[in-house]
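Please read the structure below before turning to the comments.
Coordinate-derived values only; no laboratory data. If you're wondering where the values come from, they're calculated on a predicted model, not measured in any experiment. Glycine gets a Cβ as well: all are built from the backbone with ideal geometry, and neighbour counts include every protein chain shown.
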Amino acid sequence: DIGVGLVNINGVQNIKRFFQKATQEQNPSWIIKANTTETEFYITLNKEIAGGEGRYQNERRYIIALLCHHPILNNCTFTGAAYRVLRQNNNDLDRYRTDFCLIAKSFLSSSIDRRITELFLLRQEATRENPGVKL
């Protein structure tokens, strides 16, 4: 049950609905929607992915396999410029080198519209400056 591991997460009812729709329609697009909805689900999922073995490793593996191999998502590819918000310090930036690969241990949301990313950044900064205020 998706609700067991997410019981303390804000917006858990929405996440449950997305997973129910994914199951009913046999369509993993609803799981992507769950991951991009403004709840704490994506934070929890990304921590599980980055952490390796964990309490919900079977669920995590299932979600990853479904998103990587479901035929409905075969046509969901993009090649080109995309934007995302990424908070890093100088030590983090030092890891980036030309002609090297980085492996991200999380699902990364991005947008091909830079304005969307800039809006998200402004919302993140406002939330950081005013905790508890929802924009």
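Treating the beta-carbon of each Lys and Arg as +1 and of each Asp and Glu as -1, no other charges, what is the dipole magnitude of the chain about its Cα centre, to the nearest 20 debye? Provide the component values of the computation, followed by the final result.
Working: 18 positive and 14 negative charges, 24 e Å.
Dipole of the chain, to the nearest 20 debye: 120 debye.
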Which of these, Q124, Q57, Q20, has the largest mean-square fluctuation under a Gaussian network model of the chain (Cα springs below 10 Å)? Q124
Rounded to 0.05, the calculated FRET efficiency for the beta carbons of E118 and I64 at R₀ = 30 Å is 0.50
Please build a GNM for the chain, connecting alpha carbons under 10 Å apart, and tell me which residue among G52, G80, G11 fluctuates the most. G80
With the Cα gyration tensor of the stretch 1-77 giving a ≥ b ≥ c as the square roots of its eigenvalues, does the rule (a/c under 1.5 for rounded; else a/b larger than b/c for prolate; else oblate) give rounded, prolate or oblate? oblate
Using a Gaussian network model on the chain with a 10 Å cutoff between Cα atoms, which of L119, L108, L93 fluctuates the most? L93
Ranking of T39, T98 by count of other Cβ atoms within 10 Å, fewest first: T98, T39
Taking the dipole of the chain about the Cα centre (Lys, Arg +1; Asp, Glu -1; charges at Cβ), the one of Q57, T23, F107 that reaches farthest to the positive side is T23
Specify whether the C-alpha gyration tensor of the stretch 24-135 places it in the rounded, prolate or oblate class, a ≥ b ≥ c being the square roots of the eigenvalues: rounded for a/c under 1.5, otherwise prolate if a/b is larger than b/c and oblate if not. rounded
Using a basic spin-label model with each label point 7 Å from the Cα along Cα→Cβ, how many nm lie between N10 and F100? 3.6 nm
Need the full-extension length gain, K33 to N74, defined as separation in residues times 0.36 nm minus the C-alpha distance. One decimal, nm. 13.1 nm
